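The next block holds one structure in the form of structure tokens; read it before the comments.
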Amino acid sequence: MMIVGQHHIGIAVENLDAALAVYRDQLGLELDHIESVPDQKLRVAMIPLGDETIELLEPTDDESPVAKFLAKKGEGFHHLALEVRDLDAMLEQLKTRGVRLIDEEPREGAGGTRIAFLHPKAGRGVLLELVENPS
């Protein structure tokens, strides 16, 4: 099986500091780190939660996909990320099966990961991200 588990849940936020005031300061969750992902025009905060991670997504540019999401839908659940062992093979398998993809080739994600997104219509309304951790 190529999917090995859930990697994280992405939550789109207008302001990372305001979101951290809820998740870290009010709920008491620990912040692992904040990083910039220039390729996606984002600043992300990673918050471990047991075996899972919450990824807060703040756009750094009005043209980023997350900025467009926020303008259309507002803050909240953005995507579910699934961890895969071999992203290239997984994408080939999905293409062969006729699955609609946003990314036909992997791109760089947070934390040195390789990522690709499936179109929300392929996920029955849920944006799915495939994540391959660095070796």
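With contacts taken as Cα pairs under 8 Å at a separation of at least 6 residues, the chain carries a relative contact order of 26 percent.
Whole-Hz Karplus values for the stretch 71-77 come out as 5, 8, 10, x, 5, x, 3 Hz, taken residue by residue from phi with 6.51 cos²θ - 1.76 cosθ + 1.60 and θ = phi - 60°; glycine and proline positions read x. Using +1 at the C-beta of Lys and Arg and -1 at the C-beta of Asp and Glu, which of GLY50, HIS33, GLN6 has the Cα lying farthest in the positive direction of the dipole of the stretch 1-81? After comparing all options, I get GLN6. Ordering of 8-14, 81-87 by packing is 8-14, 81-87, highest average first (other Cβ atoms within 10 Å, averaged per residue). Computed over the stretch 1-76, the P(r) curve from all C-alpha pair distances, binned at 5 Å from the origin, holds 3, 16, 25, 24, 17, 11, 4, 1 percent per bin. For the chain, modelled as a GNM whose springs connect Cα atoms under 10 angstrom apart, the maximal fluctuation among THR53, THR96, THR113 occurs at THR96. Farthest towards the positive end of the charge dipole of the chain, among the residues LEU16, HIS79, VAL126, is the Cα of VAL126, using unit charges on the Cβ of Lys, Arg, Asp and Glu.
Counting pairs of Cα atoms in the stretch 3-132, how many percent are more than 17 Å apart? So the portion of pairs separated by more than 17 Å is 58 percent. Among the lysines of the stretch 3-132, pairs that are 8 or more positions apart or on different chains and have alpha carbons within less than 19 Å of each other number 7. Using the rule -39500 (n - 2.57) for each DSSP H run of four or more residues, divided by the residues of the chain, the 222 nm mean residue ellipticity is -5000 deg cm²/dmol. For the residues GLY123, GLY112, GLY98, a GNM of the chain with alpha-carbon springs under 10 Å puts the largest fluctuation on GLY98. Evaluated with a Cβ-only charge set (Lys, Arg +1; Asp, Glu -1), the stretch 3-132 carries a dipole of roughly 680 debye about its Cα centre, given to the nearest 20. For the peptides 127-134, 88-95, 70-77, residues were scored by their other Cβ atoms within 10 Å and the scores averaged per peptide; the highest-first order is 127-134, 88-95, 70-77.
Every read-out reported here was derived from the displayed coordinates using simple, explicitly stated rules and does not represent laboratory data. Just so you know, these numbers come straight off a predicted model, no measurement behind them. In this analysis, Cβ positions are derived from the backbone assuming ideal geometry, glycine residues included, and neighbour counts consider all displayed protein chains.
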